[in-house]
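J.: Sharing a structure with you now.
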Amino acid sequence: MSVVHHLDQATVVRYASGDLDEAFSVIVASHLAMCSTCRKAVRAAEELGGCLLDKQDDAPMSDDLFDRLMDGIVSDPTSPDVDVRPAARSVDGDVPLPLRRYVGPSLDGVRWKRAAPGIRRHRIDLGGRTGSSLYMLHIAPGMALPEHGHGGNEMTLILSGAYNDMFGRFGPGDIADLDEDVEHKPIVEDGAACVCLVATEAPTRFKDVVSRLLQPIVGI
């Protein structure tokens with residue numbers, strides 16, 4: 001697998017420091033399972049963070065701090081029971097290991113719902129643990145999505161198939177790490193559907209009137 005499009009450096013630092021919510025952590029971890037370049041970047045960021053912590057002056061702590069910390073970890077019902085930080089390549093089949101807890105081991109088992117002609121969607125329920133959304137899209141071969149922007153940060157990880165836009169070709173393992181200032185028009189390549197994992201902070205902003213009217217029905 002040859003990955004061309006990688007994580008933004010700011011995302012690498014945020015992931016390494018644990019500053020991403022569950023939706024974005026899952027998609028980043030899934031990309032890391034498919035991309036050795038970004039795995040190395042995350043390890044380097046973690047090592048740098050460790051060095052910076054070592055240089056900090058010691059701070060006084062209460063005697064019961066460790067016990068209170070462990071009690072919080074055990075009793076917190078909102079903590080997801082999943083490790084989304086792969087240490088090495090973890091792809092065996094078409095679903096990265098960090099994503100399997102959510103959708104199973106194969107794309108063939110995903111329960112799709114029709115969102116629009118040529119588009120099927122599978123929304124991943126995170127149990128209210130994050131304000132962001134995580135879902136999968138199955139887009140028909142040759143289909144062009146309407147030009148759109150994003151109300152916040154958005155990441156799209158390609159699991160199978162490919163699309164092209166102003167930034168180039170995105171195939172399996174590639175990730176589009178976009179902010180709210182970017183507008184693009186993905187066009188799926190002929191021959192195979194494009195299946196992707198998407199994390200968003202806010203709903204998509206479509207430019208044309210028809211797409212905006214259909215957005216509540218499509219749900220992306």
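J.: Of all trypsin sites (Lys or Arg not before Pro) in the range 114-157, which ones are in loop regions per DSSP and have a Cβ with at most 12 other Cβ atoms within 10 Å? Don't jump to the answer; show the numbers that get you there.
T.: Working: sites: 114, 120, 121, 123, 129; in loops: 129.
Passing sites in the range 114-157 do not exist.
J.: A follow-up question, please. Arranged by the count of other C-beta atoms within 10 angstrom, fewest first, what order do 136, 155 take?
T.: Neighbour counts put them in this order, fewest first: 136, 155.
J.: Could you check the simple spin-label distance between residue 106 and residue 17, using points 7 Å along Cα→Cβ, in nm with one decimal?
T.: Label at residue 106, label at residue 17, 4.3 nm between them.
J.: Now for a different question. Under 1.5 on a/c is rounded, so check that first for the range 99-195, then, if it is not, pick prolate when a/b is larger than b/c and oblate when it is not; a ≥ b ≥ c are the square roots of the alpha carbon gyration tensor eigenvalues.
T.: oblate
J.: Ok, one more. Which order results if 198, 13 are arranged by neighbouring Cβ count within 10 Å, fewest first? Intermediate values should be presented prior to the final figure.
T.: Working: 198 20, 13 17.
If I rank by nearby Cβ atoms, fewest first, I get 13, 198.
J.: Turning to a different aspect of this structure: Report the FRET efficiency, 1/(1 + (r/R0)^6), for residue 37 and residue 62, where r is their Cβ-Cβ distance and R0 is 41 Å, rounded to 0.05.
T.: 0.45
J.: For the residues 5, 184, 31, 138, what sequence is obtained by ranking on other C-beta atoms within 10 Å, fewest first?
T.: Ranked by crowding around the Cβ, least crowded first: 184, 5, 138, 31.
J.: Suppose each label sits 7 Å from its Cα in the direction of the beta carbon; what would the residue 169-residue 184 distance come out to in nanometres?
T.: 1.5 nm
Here, each number is a calculation from the coordinates, and none is a lab measurement. These figures come from a predicted structure and were not determined experimentally. Here Cβ is always computed from backbone atoms with ideal geometry, including for glycine, and neighbour counts include all displayed protein chains.
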